[in-house]
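**Q** Okay, handing you the structure first.
The values are calculated or read from the model by the stated rules, or taken from the named source; none is laboratory data. In this text, all values refer to a predicted model and were calculated from it rather than measured experimentally. No Cβ is skipped: glycine too gets one built from the backbone with ideal geometry, and neighbour counts run over all protein chains shown.
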Amino acid sequence: MGVFFGTDGLRGKVNEDLTFNTAYKVGNALSVLKKNPTIIIGSDTRVSNTYLTLGVASGAMSGGANVIDVGVVPTAGIAYITKIMKADYGVVISASHNSAIYNGIKVFNSNGYKLGDREEENIERCFIREKTNEFPDVGRYSQDFNLIHEYRDFLISASKNSLKGLTIVLDCAHGASIRIAPEVFRKLGANVIASNSTDDGLKINKDCGALYPENLARKVKRYNADMGFAFDGDADRIIACTSKGQIVDGDLIIYAIAKYLKKIGKLKGNTAVGTSHTNMGIERALKENQIDLIRTDIGDKYVLAKLLEKDLSLGGEQSGHVILSDIASTGDGILTAIVLANIVIEENIDFSTLFDAKLYPQTNINVVVKDKLRIVNSEDIAKLVSRYNFDLKDKGRVMVRASGTEPKIRIMVESEEQELNIKIANDIASLVNKIDAES
């Protein structure tokens, strides 16, 4: 990771960590890296989306780039449109699952893949050598909000079956999926109950969406629906819910899709890709189905890199990023929901039967800190984590890491004893707070 870019692009509080000038520099850097590039740009619904879109566009145009603004669109939509339009870059203005005071910038290459760490570092290097073309060789800005229809049609074509007969609740988190997700599922024949689907940039992710799946569970049970899907602000994450109210995270979704793809002979290498955070119970359940699991660092771009390196079909994160690399170039919550609904239709089964893996209990604590790098590199933290991992042996594990997008230390403890998990996590959190107070 670079100085500005984290595990999922550049992110921060608007006009504090992320300013118009920073957005300008990102756009301008793209015009330095490629001569007169064509850039597709889109955003979620945040109130700061136009502000930062114009920042990126202004910087890019000053260096000769041509910018096409496609408006509000899921992150995966930008990846898809960038690829089919043969544009040089795709840019998403979104802070994903974060609240409205945050925003971010994600950059895709011409093939619809997120830029890797080295490419993001190249963008940062260009911040110090601004490019400004003389008149009339400045770039052009245009809007084409109809391009989202290309992505909509792609999603519809990804469904092999009509979804007629299914009642599906969609929690759109007041984000980028508000129009396209309900429209796609209705066109596929489902009875759709759309919630949190207003274009309100102040409400995005607020007590709704993928981070608040208990709301989805209540609605699924209230409407006696067959299933429910909750997206985050830019719809690259998905959390599901069964008719019985069972909340289904990314680990369980990967498990279910992996089993299905293996059954129909389309799981390359009989292997799925997860991260260091993937539940140990999922690894065990996959193994019982003769499916291997490869782990990567946390971050969907690292999952994608491993999928491409090993030529594999499926990977993702517990948080709900799911990548179906034979179909798409990035995580796509709407596409994943379509695939899950199709499995139910094809297998003629209840949705809940897909998720029979027994998960290990996990305790996750996020601690807001002043200096996350100082804490994550602390020798005292390392010793405590090492001691607990030694005690747990192969019956559990402890992880402490710095968030790639927020000023937080993330603590995860996993074993078959939840009380022990809580005790260990609280011990580590206390030490984190102590070190942070001394800084």
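**Q** Restricted to the range 175-199, and to residues that are small (G, A, S), in contact (Cβ under 8 Å) with a residue 60 or more places away in the chain and part of a loop (DSSP other than H, G, I, E, B), which residue is farthest from G331 (Cα to Cα)?
**A** Ranking the qualifying residues of the range 175-199, first place goes to A190.
**Q** Counting only residues that are outside any loop (DSSP other than H, G, I, E, B), at negative phi and in contact with a strand residue (DSSP E or B) (Cβ under 6 Å, 6 or more places away or on another chain), how many does the range 200-226 have?
**A** 6
**Q** Residues of the range 364-399 being closer than 19 Å to D17 by Cβ and basic (K, R), which ones?
**A** If the condition is that a residue be closer than 19 Å to D17 by Cβ and basic (K, R), then K370, K372, R374 are the ones that fit.
**Q** So which of I84, I39 ends up being modelled with pLDDT of 95 or more, surrounded by 23 or more Cβ atoms within 10 Å (Cβ to Cβ) and either in the same structural domain as G116 (by TED's automatic domain parsing) or within 21 Å of G404 (Cα to Cα) (or both)?
**A** I39
**Q** Would you check which residues across the range 139-158 are surrounded by 15 or more Cβ atoms within 10 Å (Cβ to Cβ) and either in contact with a Lys or Arg (Cβ under 9 Å, 6 or more places away or on another chain) or of a type in the set (A, V, I, L, M, F, W, C) (or both) and list them?
**A** L147, I148, R152, F154, L155, A158
**Q** OK, next. Do we find a residue being assigned to a loop (DSSP other than H, G, I, E, B), touching a residue at least 24 places away in the same chain (Cβ under 8 Å) and of a type outside the set (F, W, Y) anywhere in the range 50-62?
**A** Checking the range 50-62: not a single residue is assigned to a loop (DSSP other than H, G, I, E, B), touching a residue at least 24 places away in the same chain (Cβ under 8 Å) and of a type outside the set (F, W, Y).
**Q** Using the structure shown, decide if A402 is touching a residue at least 60 places away in the same chain (Cβ under 8 Å) and not assigned by TED's automatic domain parsing to the domain that holds D17.
**A** In short, no.
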